[in-house]
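What follows is a single structure, written as structure tokens, with notes after it.
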Amino acid sequence: MIPKLPPSPSLSALKVTLAFLIFGAASVLLSDHAVDLLGLSVVETSLLQTGKGLLFVTLSALLVGLLARRTALQHQALAAHAQLQHERLQRLVDVSPAVLYALRLRADGGFDTDFISPQLLDMLGFSPESTPPDAAWWLQRVHPEDLPRVMAAHRGTLLREGCLQHEYRLRHAEDGYRWTLDQSVLVRDVDGQPAGVIGSWLDITGRKQAEEHARLIARVFEDSHQAICITDADTRIVTVNRAFTEVTGYTLDELAGRPPSLLKSGRQDAAFYAAMWRQLRRQGRWEGELWNRRKNGEVYPEWLTLSAIHDAQGQVRQYLGVFTDTTSRKAAEAHIERLAYYDALTALPNRSLLADRARVALATAQRQHGQVLLMHLNLDDFAAINGSLGLAAGDAVLREAATRLGRHLRPEDTLCRQGADDFLLLLPHTRASDAMSIGLRLMQALAAPLEVQGQPVTLAASIGVAEFPTDGEDLAQLSQAADSAVHQAKRAGGRTVRFFSRELQERSRETLALLQDLRQAVARQELVLHYQPQVDAATARLHGLEALLRWRHPVRGLVPPGEFITLAEQSGLIREIGTWVLGEALRQTAAWRAAGLAVVPVAVNLSAVQFRDPGLRDQLIGLLRDHGLPGHLLELELTETVAMEDSKHTIATLASLKQLGVRLSIDDFGTGYSSLGYLKRFAVDTLKVDQSFVRGLNYDRQDEAIVANIIALAHSLGLATLAEGVETAGQREFLRQHGCDQLQGWLFAKACPAEEVEAWLRQPDTALGPQIQLVA
Ligand code: C2E
Ligand code: CA
Ligand code: CA
């Protein structure tokens, strides 16, 4: 707003002077003429002239006074106006964020400072009063890097275009530089010649900083090794960084506007994501591990941090997701786990892993009132091996020992290297009575010939045994017990098994005694075979016989196979015993045949050790030839577990046995794990349905379903079925109706001595068991 000026004088000075001249001259001439006309006397005329002159002077004085007063008033108003203007300008200068300046061009081409506003103090740290009159001082404060550009702009743009706007750095009196926006205008004189410059300096360091900050953040975002994704409030992807693309394989173009859920692997369920969102909404942040899927389909683990970004009103504006691909960390963790849980030398579980497994095994045993064994095995004379052959040889021996011991354990057992030549064995579901034979088997495994660095080495061990719960409640107590037992074994000269408690020692002594007796059993002719009939399901006529082993112990009486077969297998005696059984069964059959009886095939149970023996086929050829019997009179029973153990080997062995004409059956079918694919390729004739299922017939729906299905399955594979353990007419009826081919069980006959079998052989047409009216 331009303030109003007081009214200007209506007449100019010249006009006033002229008006006064005309008025004065006119009044002098007219008044003189008027006086003449009056015709007054000289005296009167002189008086009148004097009065007239005085009047003129008075009027003139009044006029001059009036004019003077008027001028004074005008002057006052102008001064006030100027003051007001000045104050206003001053205020404008004061509130301006910029430093304002006015420079005057000198004759020598330089500039003097006419005016510079006090903001200079704030901006550059010195007061305007302290600046030198020569304006060149500020050129000295321009950053050397910017100076050439600034000089050029002044000489060029400013002179040419009359105005200039540019940015450069000015040095502060005390610290650093200030980025300055300089806007200036060239002032020209009346002739149009440059006379000076007016302009302003604005400190833009802060703005400048903000831009730098933004650039820096963008750089960090892009260069971060962590993958970053920003979505809008509706979780549509807004941007992702390079690391994100590297990890996921997706570029921003492919992702923009899409939800991050397109990376889902399916490994987390809906509940997982629900919980994640719940926390994100409630706390604004979620952190955790999840599995996502890369563009190439690969699933990978990531550690993800999610944050909600709110505006000033508290509304979510964006979501920020930052994650690292933890694939390699997972690998590192697995490696660390290996280091933490496995022995580096032998790759066996270490004590920590053993402790874990022991906790589980002991808790299970406690619930089931079962037993767990802990064995401490220490190699005998290991120090001597180390000493004579060196540490490398010692290591090789330890590795070999670990391998050999491991071969004789079940999958549920844990063999751990506790340190040096000390091994701990955790055997769940095992009683102390089994420990002796297990211990002996392990010692036997170690004793096999071994060569290290060309030197023959004989390995032997001492074993200490402790049993849960008899000798301890936890691993610490049990290992202490096993430890003291192994010391006893060492004191006794090594190469032996010792038990911690007297009770176990006692029981093991019993087992050991039994084992010693069993060694003699074959030679002393204490073993006998009983035979149990297998009948045709439809007619109940004799179809075959199963040879079942009995031990006529001089003191204990008739010992059932359940009490000594495991011991025989563990001690290796089963080879000798098995050979005897095969020979005896064939001898008996041949004898019956020679006696003119109508012989039926005899089924012999084959243990795993026998089945794996590569000499089995030749042995059978020899026996059949010796007794002059055709192969079809012999049936070999193999348990499902043994058959499936090494299926490829089984296929080959069974095929080679089949060539001899012998019959083959799978015993205890349904209790193990069968692969149908293999079953089809096994050259077997019969599946023997385990008696545990037969027991449930007529009241257990599940057992009935299993039996019905086994029969159907066998038939679909072209195999015959035999159900064992048939005790009731109801079971028999169920089996018959479901098409089972043969039956075996107490309903027809128990296993009995050979003499009693002869009666059935003489009357091959007689039906065994209770005579019932068969439904047509
Ligand atoms: P297995 O091969 O499953 O033999 C069937 C077992 O069930 C026999 O017990 C038999 O007496 C019994 N049994 C037969 N019918 C019935 C019945 O209706 N009800 C009941 N509750 N039981 C019945 P055994 O003779 O005590 O033989 C037990 C196991 O010993 C056999 O089971 C077999 O695995 C093994 N075995 C027997 N003799 C030999 C042999 O010479 N060599 C080998 N390696 N193992 C043998
Ligand atoms: Ca059997
Ligand atoms: Ca069986």
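Net charge near Leu529: determine it from the other residues with C-beta under 13 Å of the C-beta of Leu529, scoring Lys and Arg +1 and Asp and Glu -1.
Working: positive: Arg550, Arg552, Arg587; negative: Glu526, Glu546, Glu584, Glu755, Glu756.
Here the charged neighbours net out to -2.
Using a 1.4 Å probe on the protein chains only, how many percent of the accessible area of the chain belongs to carbon and sulfur? Show your work: numbers first, answer last.
On the way: 23380 of 41840 Å².
The computed percentage sits at 56.
Along Cα→Cβ, 7 Å out, is where each label goes; now give me the distance between the ones at His632 and Ala271 in nm to one decimal.
6.2 nm
Within the set Lys658/Lys680; Lys648/Lys688; Lys295/Lys330; Lys648/Lys750, which residue pairs have Cα atoms separated by over 24 Å? Provide the component values of the computation, followed by the final result.
On the way: Lys658/Lys680 15 Å; Lys648/Lys688 21 Å; Lys295/Lys330 20 Å; Lys648/Lys750 36 Å.
Where the Cα-Cα span goes over 24 Å, the pairs concerned are Lys648/Lys750.
In straight Cα distance, which lysines are under 19 Å from Lys208, not counting same-chain residues fewer than 8 positions off?
none
Under a Cβ-Cβ cut-off of 10 Å, what is the net charge of the residues other than Arg552 that fall near it, where Lys and Arg count +1 and Asp and Glu count -1?
Details: positive: Arg524, Arg550, Arg556; negative: Glu526.
Here the charged neighbours net out to +2.
Distance from a point 7 Å along Cα→Cβ of Thr251 to each backbone N in the stretch 287-321: keep the residues under 17 Å and list them by number.
It comes to 295-296, nothing else.
On a 0 to 90° scale, report how tilted helix 647-658 is relative to the longest principal axis of the chain, with both axes built from alpha carbons and the result rounded to the nearest 10.
20 degrees
Relative to the longest principal axis of the chain, what angle (0 to 90°, nearest 10) does the C-alpha long axis of helix 391-407 take?
Once rounded, the angle reads 70 degrees.
Calculate for the chain the 222 nm mean residue ellipticity that helices alone would give, adding -39,500 (n - 2.57) per DSSP H run of length 4 or more and normalising by residue count, nearest 500 deg cm²/dmol.
On the way: 26 runs with 356 residues, N = 776.
Taken over the chain, the calculation gives -14500 deg cm²/dmol.
Summing +1 for each Lys or Arg and -1 for each Asp or Glu, what net charge is found among the other residues whose Cβ lies under 9 Å from the Cβ of Ala485? Numbers along the way, then the final one.
Working: positive: Arg498; negative: Asp471, Asp483.
Net charge in that neighbourhood comes out at -1.
Enumerate the amide H contacts of Asp685 below 5 Å, restricted to partners 5 or more residues apart or on another chain; note that Pro and chain-start residues carry no placed amide H.
Long-range HN contacts for Asp685: Leu664, Ser665.
Give me the one-decimal nm value for the distance between modelled label points at Arg258 and Asp422, 7 Å along each residue's Cα-to-Cβ direction.
It is 5.9 nm.
Work out the FRET efficiency for Asp122 and Gln165 from their Cβ-Cβ distance, taking R0 = 30 Å, and round it to the nearest 0.05. Can you show the working numbers first?
On the way: r = 21 Å, r/R0 = 0.71.
Calculated value: 0.90.
Which angle between 0 and 90 degrees, to the nearest 10, do you get for helix 42-95 versus the longest principal axis of the chain when only C-alpha atoms count?
Once rounded, the angle reads 10 degrees.
Within the chain, what is the longest stretch that has no chymotrypsin sites (Phe, Trp or Tyr not before Pro) placed in a DSSP loop and near at most 13 other beta-carbon atoms within 10 Å?
Numbers: sites that count: Tyr673, Tyr699, Trp746.
It works out to 1-672.
Report the FRET efficiency, 1/(1 + (r/R0)^6), for Val299 and Val360, where r is their Cβ-Cβ distance and R0 is 25 Å, rounded to 0.05. All intermediate terms of the calculation are to be shown ahead of the outcome.
Values: r = 29 Å, r/R0 = 1.17.
Plugging the Cβ-Cβ distance into 1/(1 + (r/R0)^6) gives 0.30.
Measuring from label point to label point, each 7 Å out along Cα→Cβ, what is the His369 to Ala729 span in nm?
Modelled inter-label distance: 3.7 nm.
Quick one: of the DSSP bridges fully inside the chain, what percent are antiparallel, nearest 5? Intermediate values should be presented prior to the final figure.
Details: 100 of 125 bridges.
Close to 80 percent.
The values are calculated or read from the model by the stated rules, or taken from the named source; none is laboratory data. Computed from a predicted structure; not experimentally measured. Cβ sites come from the backbone with ideal geometry, for glycine too, and all protein chains shown count toward neighbours. In case anyone asks, the SASA skips ligands and DNA or RNA and just uses the protein heavy atoms, side chains included. Shrake-Rupley method; radii C 1.70, N 1.55, O 1.52, S 1.80 Å.
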